[in-house]
1. What do you get for the angle between helix 340-371 and the principal long axis of the chain? Use alpha-carbon atoms, 0 to 90 degrees, nearest ten.
2. What distance in nm separates the two pseudo spin-label positions at Cys18 and Gln441, each 7 Å out from Cα along the beta-carbon direction?
3. To test your reading of the geometry: what angle, between 0 and 90 degrees and rounded to tens, separates the Cα axis of helix 82-106 from the longest principal axis of the chain?
4. With just the Cα atoms of the chain, tell me how far they stretch along each of the three principal axes, in Å, largest first.
5. Using packing as a proxy for protection, rank 37-45, 107-115, 238-246 so that the peptide with the highest average count of other Cβ atoms within 10 Å comes first.
6. Using each residue's phi in the range 122-128, evaluate 6.51 cos²θ - 1.76 cosθ + 1.60 at θ = phi - 60° and report the 3J(HN,Hα) Karplus result to the nearest Hz, with x for Gly and Pro.
7. Mind pulling the angle between the C-alpha long axis of helix 64-75 and the longest principal axis of the chain? Nearest 10 degrees, somewhere in 0 to 90.
8. Could you give the dipole magnitude of the chain about its Cα centre, charging the beta-carbon of Lys and Arg +1 and that of Asp and Glu -1, in debye to the nearest 20?
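Rule-based calculations on the coordinates, nothing more; no lab input. Only a predicted model underlies this, so the values are computations on that prediction, with no experimental measurement involved. For neighbour counting, all protein chains shown are included, and Cβ atoms are generated from backbone atoms with ideal geometry for every residue, glycine included.
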Amino acid sequence: MKKKHLLSLLFSAAAAICFALFFYTVNTPLGASIGSDNAMYLTMGTALSHGFLPYRNIFDHKGPLLFFLQWLPQAFTGGYSTIAVFCQEVLVLFAALRLLAAIARETDAPEIPAQLIYLALFCALPDGGNLSEEYTAVPTLLGLLAALRCFRSGVPEKGLRGNAFVLGLCTCAAFLTRANNMLPLAGLTAALTLGLLMMRRFPALLACAMGFAGGFLILLVPVCLWFFANGILGDAFYGSIIHNMLYAAGSGNGSGRIYHLLHEDYGHIALFFGFLAAAGALVLLRRKNGLLALGLLGAALCGGYAAFISQKFYIHYLTISLPAAAVGSCLVCGALPKGKPRTGVTALAAVFCLIWLGVSGVSANRQRLADSADLPQFTEDANSLYSLVPEEDRSRFMAYRVEPRWYVVTKALPCMRFYFLQEILADADPAVMDEIVETLQTDPPLWLVIFHDRPFSPPYDSRVQKIFEERYAFVAAAGDYQLLKLQE
């Protein structure tokens, strides 16, 4: 192995560990802050490791690959292990950095500065970590690398079917993580298809289509067969497609898309990512590679659309657009004149990225400490109530509309599949609340934790509130929470 490649490999490993320690705040060994979405996923993974079926017994509107990624670390640890998830995140980030190093070699860019630029662009986006967009970066980068290798000269080359197979496989992996997350690779594929049609390269198009379909189906078919064999194919389709679309189309956070694009950091970051991808496309056009330029623009535009498809504007959504921006930055670095100009510019960029990562890391760590400040008291309150639930009754326990970390700190599992933010999930699809009400009427939890003397929004559904008042008796309270027992 060449010395510079070994150095790049060692840098990737060290960078992945250091970045994860300070920016993956919800699971870091420095002191996990747990977080909300992460708590949902820790509960999901633990439930799956205890035999729950995805979508049927434990619900989320993400894809089945995310369920698998949450199950995997808990299957080997017994459940609720933040350290296991952290280790998985480090491996995923290491894989992303190695793919970026490969992209840098394809574009004649320096590997270590390219990785630093990627991390500097990414550091504002993790939102604590362990989110679907973070995991999707790996297949998206791999798909972009396959496209670069397939069309590096601007015309179809050898290995069309093999690279198209990889692109199809990656597109399916992104789709199975969360349907929205496949949009950059879908845009790349559509743009390349259009380009080949315009060039009248029909044999090349056929080879690419066969390879892409093979890669997509070789992952999709076994997943669907497993769902079918377990009788949950319909549940999976509803959760990962129907409810996901309804959630994306639901009510948003504050102002509309145009306002966020032009006046908020969310939109400014999205525009900057688009600018980097467009700059890379210009480099490709200068190299007479209009086909790949079209593909990169397609990936960037669809990645931007994915970030704005809903009006919730969570900062981690922008991670979907990051791979195309990273490829654009590699192309720009690779286009710099060789020698002192390139060395000087890339060294300056690397220094700036290191400073930015240092400042951002301090800020992220400060936020982690603030987010976890109440965790000891929260843990004490939660366990004091959960200790009152007899061991033999804990399979009929439910924490309703309290923070999902309730399950994590008590090591409890929910007895209903809609185990978090019930009224918010029902805002996307009222049928969710109908099912919850029916379950509370026909097979209710024996023990229930809800808020105590604390306002929150949206309020309980009136039918749920009535059931709580008429069928449950107060047992105890601790902090902001109260334990109720079913009056059988």
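1. So the helix axis and the longest Cα principal axis differ by about 0 degrees.
2. In this crude label model, Cys18 to Gln441 measures out at 6.0 nm.
3. 10
4. 76, 47, 45
5. Details: 37-45: 25.2, 107-115: 22.3, 238-246: 19.0.
Packing order, densest peptide first, comes out as 37-45, 107-115, 238-246.
6. Once θ is set to phi - 60°, the couplings for the range 122-128 become 7, 4, 7, 10, x, 6, x Hz.
7. Long axis of 64-75 versus the principal axis of the chain: about 70 degrees.
8. On the way: 35 positive and 34 negative charges, 621 e Å.
Roughly 2980 debye, rounded to the nearest 20.
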